[in-house]
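Single-structure report; data block below.
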Amino acid sequence: MKRILHSAVAVLLFSGVALCAQNNSAPTEKTQPTTAPPPSGAGVNSPTSGVDILSDTKGVDFTPYLGRAIATVRKNWFAVMPASARAPERKQGHVAIEFAILKDGKLGARKRVESSGDAALDRAAEAGIAASSPLAALPSEFAGEYLALRVHFYYNRANSAAPAPGKTERSPGGESALPAGVYRVSGNVTAPRPILSRSPAYSEEARHAKLVGTVILRTIIGVDGIPRDVEVVRALGQGLDEKAVAAVRGWRFKPATKDGKPVPVQINIEVTFKLK
């Protein structure tokens, strides 16, 4: 019997209560994002939590290239970082910017897809990319015309290092520290309820390797029911982490409530990939 690849998705709260069961539908995706490990940080906390590759890599391993490229972007970003992001204020924020690297290393137009809510922090991230053009030419073995990326910049994040496959990132108390104004599900804080959830497709690498397992994501569900700051806390690798993140970013929830009023909450989401 032919085996069919599919993914199962479950949402788990920090209280351990399951919100929804398996969903086997897999949408067609135009892009297959993969994540390169972020280089180590310096000064303020690491500027990126990852680099999402949004275009076909044609089978080329871009990890060494992106390590050098993002190091250049980081250096230029640090040079223009606003004083508000440094001690003693250490303002926090997250910026995500999409752009393309052309074959000769020149950079295409930039598009900010996530804002920190602070114009100075947004401008610094954009300036770090702009000042890095041109980067080194794309690897000669790459047959494509460009490499499309989404780069995440984090200001003063408590821990932005990507966890190793199979490892879970924890704070000293066993749970992540909550941002101001964000709750966990317990007591009079109800759980958010998924109203739109679709399972991610397998990455080609994982499909060929027949990789199975569970990716655990941590995210904040806002009062509008939209997931924000989706991050991997237990990884599988081979593109499955990025498939899981991309899918969960498209989920929508009925928001959590506290005393009957919508509130943002932090939850864990399990995305299980298996063979059937």
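Remark on VAL263: its backbone amide H falls under 5 Å from those of ALA256, THR257, LYS258, a criterion applied only to residues 5 or more positions apart or on other chains, H modelled at 1.01 Å from N. A simple rule links phi to the HN-Hα coupling: the Karplus curve 6.51 cos²θ - 1.76 cosθ + 1.60 with θ = phi - 60°, which for the range 214-229 gives 10, 9, 10, 10, 10, 8, 10, 9, x, 5, 8, x, 9, x, 9, 6 Hz, with x for Gly and Pro. Share of pairwise Cα-Cα distances greater than 14 Å in the range 81-151 is 61 percent (whole percent).
Coordinate range of the alpha-carbon atoms in the range 66-108 per principal axis, descending: 41, 17, 16 Å. Largest first, the residues LEU236, LEU149 sort by 1.4 Å accessible area into LEU236, LEU149.
Taken one residue at a time, the phi angles of the range 148-156 give Karplus couplings (6.51, -1.76, 1.60, θ = phi - 60°) of 8, 10, 10, 10, 9, 10, 10, 9, 6 Hz. Gly and Pro are set to x. Between GLU141 and ALA180, the modelled labels are 4.9 nm apart [label points 7 Å from Cα along Cα→Cβ]. The alpha carbons of the range 215-266 occupy a box of 42, 17, 12 Å along the principal axes, longest dimension given first.
The values are calculated or read from the model by the stated rules, or taken from the named source; none is laboratory data. Worth saying up front: this structure is predicted, and the values here are computed from it rather than measured. Glycine also receives a Cβ, built like all others from the backbone with ideal geometry; neighbour counts cover every protein chain displayed. These accessible areas exclude ligands, DNA and RNA; they are computed on the full protein's heavy atoms, side chains included. Shrake-Rupley method; radii C 1.70, N 1.55, O 1.52, S 1.80 Å.
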